[in-house]
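To keep things clear, I will list the structure first and then write my remarks on it.
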Amino acid sequence: MSAAPEFAGKKIVMLAGPGESTNILFHALDAEFGVHRIIVETPVSQKQLLKRRAEKLGWGTVLGQIAFKLAVAGPLGRSSQPRLTALKQAHQLNDQPLPEDRTIRVASVNDPACIAQLQDLNPDVVVVNGTRIIAKRVLTSVPCPFLNTHAGITPLYRGVHGGYWALANNDAAHCGVSVHLVDAGIDTGGIIAQALIQPGPEDNFATYPLHQLIAGMPLLKDAVRAALRGNIQLRPAPEGTSRLWSHPTLGEYWANRRRTGVR
């Protein structure tokens, strides 16, 4: 762990779900600033996740999403490993596991135990990645900003797979990534910075998120610097309709691919 002299004594805490993107972000931020601790929550079980999604979308949609994952997303992910590896190598991304001596594990970011940990750590900025929706009581438990890198241009592409949905809608002008303040909504916090990505013909549903992560990391570092200096500046939201997007169903994916060629 290293810290830039300007920010000596400042504490950056990550609040995250387990996964490769969390590992990559941790190592990038740790090399730049030094990360004090990472609080990692246990993911919601698949059974519980599917039940909640069905309550919102209906079982017909959820079964179509499961079919998409089994028939398309899984195979694409496996066949795209060489491309993903090449991108990580080209951008010198470190996806090694988190250091256990700085990792704190909690059942949920919304548990009292997580609030107690945050209050004990007393961070100057919290960087969020891959958690469930964070309750207002957690966001107000410590007097510092919570920052998130969202894989989509908010508020037009809130939710998941914002890069894919922008391309599937023939909306390459809004295919990108956002860094924003976290509030109690879903990707509705104030926008700090946004950037577009330009995937190549070899890219697909499985590789778009890594492109977004790569484009978002410099923005996140700038946002962390601004937060530590106490001068975060918000930018206006792009014009358009705010919408919350979910996972595509198998039928939606193939219809979009026939119509636009987006994989």
From Ile133, Ile104, grab the single residue that is outside any loop (DSSP other than H, G, I, E, B), closer than 20 Å to Thr42 by Cβ and either of a type in the set (S, T, N, Q) or in contact (Cβ under 8 Å) with a residue 40 or more places away in the chain (or both).
-> Ile104
Would you point out the residue of the range 136-160, among those that are small (Gly, Ala, Ser) and surrounded by fewer than 23 Cβ atoms within 10 Å (Cβ to Cβ), that is nearest to Val44 (Cα to Cα)?
-> Gly159
Residue that is farthest from Ala86 (Cα to Cα) [pool: residues in the range 190-209 that are of a type outside the set (S, T, N, Q) and in contact (Cβ under 8 Å) with a residue 60 or more places away in the chain] | Phe205
Test Ile192 against the stated conditions and say whether it is buried (at least 20 other Cβ atoms within 10 Å of the Cβ) and assigned to a strand (DSSP E or B).
-> yes
From the set of residues in the range 206-247 that are in a loop (DSSP other than H, G, I, E, B) and of a type in the set (Ser, Thr, Tyr), which is surrounded by the fewest Cβ atoms within 10 Å (Cβ to Cβ)?
-> Thr241
Of the residues that sit in the range 161-182 and are outside any loop (DSSP other than H, G, I, E, B), more than 22 Å from Thr249 (Cα to Cα) and of a type outside the set (Gly, Ala, Ser), which one is most open to solvent (accessible area, probe 1.4 Å)?
-> Leu181
Pair list, Cβ under 6 Å, 6 or more apart: the range 222-241 residue under 16 Å from Asp124 (Cβ atoms) and in contact (Cβ under 8 Å) with a residue 60 or more places away in the chain, other residue open to solvent by 50 Å² or more (accessible area, probe 1.4 Å) and among the basic types (Lys, Arg) = Leu228/Lys10
Enumeration of residues in the range 92-103 that are within 14 Å of Gly17 (Cα to Cα) and either open to solvent by 30 Å² or more (accessible area, probe 1.4 Å) or modelled with pLDDT under 95 (or both) | Pro97
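The values are calculated or read from the model by the stated rules, or taken from the named source; none is laboratory data. None of the values given here were measured: they were computed from a predicted structure. Backbone-built Cβ (ideal geometry, glycine too); neighbour counts: all protein chains shown. Side chains are part of the model used for accessible areas, which takes the heavy atoms of the whole protein and leaves out ligands, DNA and RNA. Shrake-Rupley method; radii C 1.70, N 1.55, O 1.52, S 1.80 Å.
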